[in-house]
1. Write down the radius of gyration of region A:128-279 and its Dmax, each obtained from C-alpha positions, in Å.
2. What does DSSP give for chain B in terms of the percent of beta bridges that are antiparallel, rounded to the nearest 5?
3. In peptide B:270-280, what is the residue-averaged number of other protein chain Cβ atoms found within 10 Å of each Cβ?
4. Can you work out the Karplus-derived ³J(HN,Hα) for every residue in region A:13-27? Use 6.51 cos²θ - 1.76 cosθ + 1.60 with θ = phi - 60°, whole Hz, and x for glycine or proline.
5. Please label the shape of chain B as rounded, prolate or oblate, based on the square roots a ≥ b ≥ c of the eigenvalues of the alpha-carbon gyration tensor (a/c under 1.5 means rounded; beyond that, a/b larger than b/c means prolate, else oblate).
6. For region A:37-48, take each phi angle, set θ = phi - 60°, evaluate the Karplus expression 6.51 cos²θ - 1.76 cosθ + 1.60, and give the result in whole Hz per residue in order, putting x for glycine and proline.
7. Would you grab the residues whose amide H sits under 5 Å from the one on A:THR244? Only those 5+ places off in sequence or on another chain, please, with H modelled 1.01 Å from N.
8. Taking amide H atoms as placed 1.01 Å from N in the peptide plane, list the residues 5 or more away in sequence, or in a different chain, whose amide H sits under 5 Å from that of A:ARG327.
2 protein chains.
Amino acid sequence: MTTIDDVAKLAGVSKSSVSRVINGNFQYMSEEMRGKIEQAIKDLDYRPNSVAQSLKKKETKVIGLVVGDLNSFWSVALRGVQEECMRNGYGLMVSESAWDPERDLANIHMMKSKRVDGLIVSPIRQHKQVDDLLNSLDIPYIFADSTWEEIVTDQVVTNTIAGAVEAVEHLIQLGHSRIATILFTLENSVRKERLEGYKRALQKHGLPLDETIIKICKAGKGTGVEAVIELLHMPDRPTAIFSTNMHLTLDVLKGVRMAGLDVPGDISVVGYDDSEWAPLLDPPLTTVAVPAFQMGVKAASLLIQKLQNKKPRKPKKIEIMPKLMIRHSATQLNQSRKADELPVVKLSDHTLTKEKSNENHQTGANSRKA
Amino acid sequence: MTTIDDVAKLAGVSKSSVSRVINGNFQYMSEEMRGKIEQAIKDLDYRPNSVAQSLKKKETKVIGLVVGDLNSFWSVALRGVQEECMRNGYGLMVSESAWDPERDLANIHMMKSKRVDGLIVSPIRQHKQVDDLLNSLDIPYIFADSTWEEIVTDQVVTNTIAGAVEAVEHLIQLGHSRIATILFTLENSVRKERLEGYKRALQKHGLPLDETIIKICKAGKGTGVEAVIELLHMPDRPTAIFSTNMHLTLDVLKGVRMAGLDVPGDISVVGYDDSEWAPLLDPPLTTVAVPAFQMGVKAASLLIQKLQNKKPRKPKKIEIMPKLMIRHSATQLNQSRKADELPVVKLSDHTLTKEKSNENHQTGANSRKA
DNA sequence: GTGAAAGCGCTAACAG
DNA sequence: CTGTTAGCGCTTTCAC
């Protein structure tokens, strides 16, 4: 592998001079020498060994990403991180902790030992040891899409409440006033915030809050279907549903169909979370998209900015706004229909099919070249 | 940042000895010295600077992944790669080329300059310069999930044909003999192979090949819906459909519904590609899963094995077998129903809804903590 | 303007 | 068994 000495030899100069042109320090260099060196570099197709550079300069030009769960959200965010890193001449090291704080620790140590210049972390949940380690680190780091208490460093998060408000307001603007919502049990802040957004939107528009049309189900197959069917059997049936995640949304669509009703004809649906498939559903889903890619870009650029400003500023918190993707599952409330009798809910006999599939085989989405 | 000298000083020994314990070379070391050193290391919480180690040892313990398109398939595969790297003490650098061969080149150069020990590459299409660069590289590399001609290095691929055969055979075993298939235009080998598998399965079971029930549609919204409806209007309507990708499968489901028929009651459907949502569809989709995670693991372990065997073996090609996920969209052909008149296809008036949504906003799937 | 020399933190002969 | 020494490939004073 060709080294700086080879270049120096070929060009007939010292390696200091070669180093100067590599690093763009030719303010006081003769045109001639610069030309010779550049030629030699080209001839040898020389590329500096960045390990040696790093050792000397004490910076690696590599950013580390330590994420608790490399799920579909982070997979997309990762692309944003990577793109921004590349744009700025940084490499990206990736590690996943698979929900295990021990592995968070191990990964952070690994990143430190590899001397990454900065760290983007997104642990799955707060953990004292991880916290301590991070604080004892002499490497700049930021949090991304995480929800810890008392974070003392920069972070980028998405404004979940705003996304929920936007979803519900969209329904309100379409003329709906009796809007149900459906959630998984409120075990984490994201879920709570989606409910909070729902409430705020209603309040903002002077709509009453009716606890009977807030359905909270256990996470699991088909629980959403049951909830929807209950909703559809209510005497004063809601005309719209705000479904707070993709899993539930698919249940909602299924439940409505089982009841012999139509989305959006009989009931409008707005979901939360977007995916490649959302536009292909029947009907194409109106849903809140969390801009994962953009979040990744922001996280990387925030960190890089931090790496370049030596003087510490006060921790910054960047909020990414979700975006409502308006497709076809929510429409203007049909006034005439409202006056009429509501369509009758008819339940077929195969009502609540039980699922019993064996999904313990790790594969994953696959949209490749096909 | 604490160095090996600090440890040596604290333990009152030379740094060579410290280096020995770091590297586990204490065959000829007194227990006492070893103890002292290990204590000092613990006291200082010393971790070797792997940049310095790399410079000296000429190996970085980092693997580079250069992928053309970090889509949902690779996102999952990435997790497999990362996991296997971690298990073996390797770090992982990731870069994406976003369909641009120029960026493949740049990324490979970057990886080389960072001195990764080995490379997993998956360029989007064959490209002479990339090929040359790879061959001129003095870094071991393997191909993963790529389909180049004349590859002279190890590779891991999925057996697409076998997956398609399995899907169609499943239908045959359920008693179906008139099985249609639906594909996007045969622009790449993956698509061709899925068709090939379909043909082979029919042939193997002595079933006739009827070109009229092989529907090839342009990629795009709703093209699959039209194709299915044509299929359903045929006098000798097929009793099952092998749909060759997720996009088409959603169209198929929609088309059948629009025709007033039921999956799987009136027609069985087997798809290709699995996703988080496939089990949640209505009905839960029987489909071929490409084990992306497993592929990532295999790729990494193949490469690592290669890194550790210095003596070159002849290039190896590992095939990953797709797995049929049996859920509820394909069932036993109902003999009695077959004897009856086929259910009538009724088309509602909102037949082929035109899509006109604005999907140019990059977001992505999001299944996070909600 | 340019080169010589020191050294980043570590490993690996080679002595002792 | 343990320490001394010579680099790995590069950057960066500091002389010339």
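1. 18.2, 62
2. 10 percent
3. Mean shielding by partner chains, rounded to a whole number: 6.
4. Those phi angles translate into 9, 8, 5, 4, 5, 4, 4, 4, 6, 3, 8, x, 9, 10, 4 Hz.
5. prolate
6. After applying 6.51 cos²θ - 1.76 cosθ + 1.60, I find 5, 4, 5, 4, 4, 5, 4, 8, 6, 6, 10, x Hz.
7. Residues meeting the criterion, in which the H sits 1.01 Å from N, are A:ILE182.
8. A:THR286, A:THR287
The numbers here are math on the coordinates, done by the rules we state, and not lab data. Keep in mind the model is a prediction, meaning the values are calculated, not measured. Virtual Cβ from ideal backbone geometry, glycine too; neighbours counted across all protein chains shown.
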